[in-house]
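Enquirer: Would you mind keeping the following structure in view while I ask a few things?
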Amino acid sequence: MSALCDGRVVVVTGAGRGLGRAHALAFAAQGARVVVNDLGVALDGAPHPPGPTGARPDGPAAAVAAEIRAAGGEAIAHGGDIATSEGASSLVTTALETYGRLDTLVNNAGFLRDRMLVNLDEDDWDAVLRVHLKGHFLTLKHAAAHWRAQTKAGRTPDARVVNTSSGAGLLGSVGQGNYSAAKAGIVALTLVAAAELARYGVQVNAIAPAARTRMTQRTFAETMAAPATGFDAMAPENVSPLVVWLGSAASDGVTGRVFETEGGRITVMDGWRPGPTADRGARWSAAEAGETVRKLLTAAAPPGAVYGA
Ligand SMILES: NC(=O)c1ccc[n+]([C@@H]2O[C@H](COP(=O)([O-])OP(=O)(O)OC[C@H]3O[C@@H](n4cnc5c(N)ncnc54)[C@H](O)[C@@H]3O)[C@@H](O)[C@H]2O)c1
């Protein structure tokens with residue numbers, strides 16, 4: 001019986017744990033050959049101290065690749081930092097040199113440095129913007145360069161990119177100014193990439209997931225499996241079916257979209273659209289502009305609540 005991703009080569013960043021691990025296993029179960037990337041950093045992005053042999057003690061990418069192979073699938077580990085050009089380009093090269101092709105890129109790696117804005121250090125800002133936003137851009141750029149070359153050589157691919165945003169990037173989240181800005185940037189990057197890369201046979205979508213991982217274990221710790229059904233709504237494995245479908249050829253025609261997904265729920269997120277508008281046909285005075293804004297706001301839908309507000 002053919003599986004959804006037979007013949008495809010899929011790269012998943014940050015796949016040593018949590019959501020990325022679940023995605024990698026799910027892609028492999030659907031016949032994909034998987035490049036499992038993970039730098040193996042701590043929750044705040046700090047490097048784990050090297051073990052006695054100099055190697056990272058947990059080697060999460062290698063462990064997940066071994067798990068896939070033990071289940072009869074094909075996988076290779078990549079331990080590079082996707083927020084560096086070297087790491088992102090070597091990730092794409094690993095797929096091409098190991099399996100001869102690249103069909104799907106899942107950008108998922110990241111970490112948190114949560115603080116209220118007044119306490120947020122420049123370093124916390126830079127580190128979080130770097131791993132999420134730059135980490136999405138660099139892998140996308142290197143994969144897209146390969147797909148453009150394929151197209152120019154007359155072999156237009158059927159390629160897919162799945163980016164990882166967050167509810168924090170869509171609605172904002174108190175104590176996560178750096179993370180919310182990075183995740184909102186990922187949505188904008190997704191829209192631009194979908195528009196620019198369509199001509200190279202590339203579809204680009206984003207998800208805003210929620211699941212119990214080390215990143216959210218305090219938030220979702222108390223959410224247990226429903227006693228009646230045994231369904232654990234916060235298991236990361238619930239998010240992966242949508243990611244696998246978006247990363248497969250079956251999602252033909254779906255691009256430039258953002259999906260919120262958690263447990264058994266999938267929601268298409270509607271983006272910014274013009275709401276009530278007024279055009280004076282000339283410059284407003286500040287007082288008139290204010291009066292008009294107040295009128296427009298009475299007709300506008302109230303914004304969604306910022307998480308944690
Ligand atoms: N868990 C949730 O509810 C939730 C909600 C919204 C968004 N997200 C997003 O989902 C993604 C996965 O999060 P998770 O909850 O599985 O977290 P996680 O901490 O379990 O996994 C993230 C993995 O990324 C790896 N990583 C970090 N920096 C890296 C780098 N520079 N290069 C390569 N790998 C790196 C880490 O080592 C880790 O294994 C993240 O982008 C996160 O922001 C998660």
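Enquirer: Got a number for residues in the range 117-132 being assigned to a helix (DSSP H, G or I) and surrounded by fewer than 21 Cβ atoms within 10 Å (Cβ to Cβ)? Steps first, answer last, please.
Expert: Within the range 117-132, the subset assigned to a helix (DSSP H, G or I) is 117-119, 122-132.
Adding the requirement that they be surrounded by fewer than 21 Cβ atoms within 10 Å (Cβ to Cβ) leaves 117-119, 122-127, 129-130.
Number of matching residues: 11.
Enquirer: Please name all residue pairs, on different chains or six or more residues apart, with Cβ atoms under 6 Å, provided the first residue is in the range 31-46 and is within 25 Å of residue 5 (Cα to Cα) and the second residue is of a type in the set (Phe, Trp, Tyr) and not in a strand (DSSP E or B).
Expert: Sorted first by the residue in the range 31-46, then by its partner, the pairs are 33/99; 34/27.
Enquirer: Can you tell me which condition residue 279 does not meet? The list is (1) surrounded by 13 or more Cβ atoms within 10 Å (Cβ to Cβ); (2) at pLDDT 95 or above, and all the others hold.
Expert: Result: residue 279 passes all but (1).
Enquirer: The conditions are (1) under 12 Å from the mean Cα position of the chain (by Cα); (2) more than 10 Å from the ligand (Cβ to nearest atom); (3) β-branched (Val, Ile, Thr), and residue 118 fails exactly one of them. Which is it?
Expert: Going through (1) under 12 Å from the mean Cα position of the chain (by Cα); (2) more than 10 Å from the ligand (Cβ to nearest atom); (3) β-branched (Val, Ile, Thr) one by one, residue 118 breaks only (1).
Enquirer: Restricting attention to the range 161-187, report how many residues are in a loop (DSSP other than H, G, I, E, B) and either more than 17 Å from residue 271 (Cβ to Cβ) or more than 9 Å from the ligand (Cβ to nearest atom) (or both).
Expert: Filtering the range 161-187 down to residues in a loop (DSSP other than H, G, I, E, B) leaves 165-166, 172, 174-175.
After this cut, where a residue has to be either more than 17 Å from residue 271 (Cβ to Cβ) or more than 9 Å from the ligand (Cβ to nearest atom) (or both) as well, the list is 172, 174-175.
Residues flagged as in a loop (DSSP other than H, G, I, E, B) and either more than 17 Å from residue 271 (Cβ to Cβ) or more than 9 Å from the ligand (Cβ to nearest atom) (or both) within the range 161-187 amount to 3.
Enquirer: Within the range 76-86, does at least one residue satisfy the condition of being over 28 Å from residue 238 (Cβ atoms) and among the polar types (S, T, N, Q)? Lay out the reasoning, then the answer.
Expert: Going through the range 76-86, the residues over 28 Å from residue 238 (Cβ atoms) turn out to be 80-81, 84-86.
Next cut, among the polar types (S, T, N, Q) only: 84-85.
Checking the range 76-86: at least one residue is over 28 Å from residue 238 (Cβ atoms) and among the polar types (S, T, N, Q).
Enquirer: Condition first: touching a residue at least 60 places away in the same chain (Cβ under 8 Å) and either touching a Cys at 6+ places or on another chain (Cβ under 8 Å) or buried (at least 23 other Cβ atoms within 10 Å of the Cβ) (or both). Now tell me which residues in the range 165-177 satisfy that. Don't jump to the end; show me each part of the working.
Expert: If we filter the range 165-177 for residues that are touching a residue at least 60 places away in the same chain (Cβ under 8 Å), which is where we start, we get 165, 167-168, 170-177.
Matches in the range 165-177: 165, 168, 176.
Enquirer: Same structure again: Residues in the range 255-267: is at least one at pLDDT 95 or above, aliphatic (A, V, I, L, M) and either part of a strand (DSSP E or B) or under 30 Å from residue 151 (Cα atoms) (or both)? Write out each step before concluding.
Expert: Going through the range 255-267, the residues at pLDDT 95 or above turn out to be 255-267.
Applying the additional criterion that residues be aliphatic (A, V, I, L, M) yields 258, 266.
From the residues that got through so far, the ones that are either part of a strand (DSSP E or B) or under 30 Å from residue 151 (Cα atoms) (or both) too are 258, 266.
For the range 255-267, residues at pLDDT 95 or above, aliphatic (A, V, I, L, M) and either part of a strand (DSSP E or B) or under 30 Å from residue 151 (Cα atoms) (or both): present.
Enquirer: Spot the failing condition for residue 214; the list is (1) surrounded by 16 or more Cβ atoms within 10 Å (Cβ to Cβ); (2) part of a loop (DSSP other than H, G, I, E, B); (3) within 15 Å of the ligand (Cβ to nearest atom), and only one is missed.
Expert: Every listed condition holds for residue 214 apart from (1).
Enquirer: So the check is Cβ under 7 Å with 6+ separation or different chains; which pairs have a first residue in the range 72-100 that's under 12 Å from residue 13 (Cα atoms) and part of a loop (DSSP other than H, G, I, E, B) and a second one that's modelled with pLDDT under 95 and more than 12 Å from the ligand (Cβ to nearest atom)?
Expert: Short answer, once both residue conditions are applied: none.
Enquirer: Mind checking whether some residue in the range 142-160 is in a strand (DSSP E or B) and within 20 Å of the chain's Cα centre (by Cα)?
Expert: Restricting attention to the range 142-160, the residues satisfying the condition of being in a strand (DSSP E or B) are 159-160.
Retained after the next criterion (residues that are within 20 Å of the chain's Cα centre (by Cα)): 159-160.
Taking every residue of the range 142-160 in turn, at least one turns out to be in a strand (DSSP E or B) and within 20 Å of the chain's Cα centre (by Cα).
Enquirer: Right, another one. For the subset of the range 22-39 comprising residues that are of a type outside the set (A, V, I, L, M, F, W, C) and either at pLDDT below 95 or outside any loop (DSSP other than H, G, I, E, B) (or both), which member is farthest from residue 126 (Cα to Cα)?
Expert: Step one: filter the range 22-39 for residues of a type outside the set (A, V, I, L, M, F, W, C), giving 23, 30-31, 33, 37-38.
This time we only want the ones that are either at pLDDT below 95 or outside any loop (DSSP other than H, G, I, E, B) (or both), so: 23, 33, 37.
On the way: 23: 27, 33: 33, 37: 22 Å.
Within the range 22-39, the match that is farthest from residue 126 (Cα to Cα) is 33.
Enquirer: Here is a list of conditions, (1) among the hydrophobic types (A, V, I, L, M, F, W, C); (2) away from the ligand (no atom under 16 Å from the Cβ); (3) in a helix (DSSP H, G or I), and residue 226 meets all of them except one; can you say which number that is?
Expert: Failed condition: (3).
Enquirer: Shifting gears a bit: Taking the condition of being among the small types (Gly, Ala, Ser) and within 15 Å of residue 303 (Cβ to Cβ), how many residues in the range 262-277 meet it? Walk me through how you get there before you give the answer.
Expert: We begin by selecting, within the range 262-277, every residue among the small types (Gly, Ala, Ser); these are 263-264, 271, 275.
After this cut, where a residue has to be within 15 Å of residue 303 (Cβ to Cβ) as well, the list is 271, 275.
Adding up the residues that qualify gives 2.
Enquirer: While we're looking at this one, here's another question. State all residues of the range 188-211 that are outside any loop (DSSP other than H, G, I, E, B), within 11 Å of the ligand (Cβ to nearest atom) and of a type in the set (Gly, Ala, Ser); if no residue qualifies, say none.
Expert: Keep residues of the range 188-211 that are outside any loop (DSSP other than H, G, I, E, B), which gives 188-200, 202-210.
Checking which are within 11 Å of the ligand (Cβ to nearest atom) leaves us with 206-210.
The answer is 206, 208, 210.
Enquirer: How many residues are near the ligand (Cβ under 8 Å from one of its atoms) and without any contact (Cβ under 8 Å) to a residue 60 or more places away in the chain if we restrict to the range 15-29?
Expert: 1
Enquirer: Let me ask something else about it. Which condition does residue 297 not pass, out of (1) in contact (Cβ under 8 Å) with a residue 24 or more places away in the chain; (2) surrounded by 11 or more Cβ atoms within 10 Å (Cβ to Cβ), if it passes all the others?
Expert: So residue 297 meets the others, but not (1).
Enquirer: Okay, next question. Show the residue pairs meeting these rules: Cβ distance below 6 Å; 6+ apart or different chains; first residue within the range 217-238 and at pLDDT below 70; second residue of a type in the set (D, E, K, R) and more than 12 Å from the ligand (Cβ to nearest atom).
Expert: 225/232
The values are calculated or read from the model by the stated rules, or taken from the named source; none is laboratory data. All figures in this text were calculated on a predicted structure; none of them were measured in a lab. Using ideal geometry, Cβ is built from the backbone for each residue, glycine included, and neighbour counts are taken over all protein chains shown.
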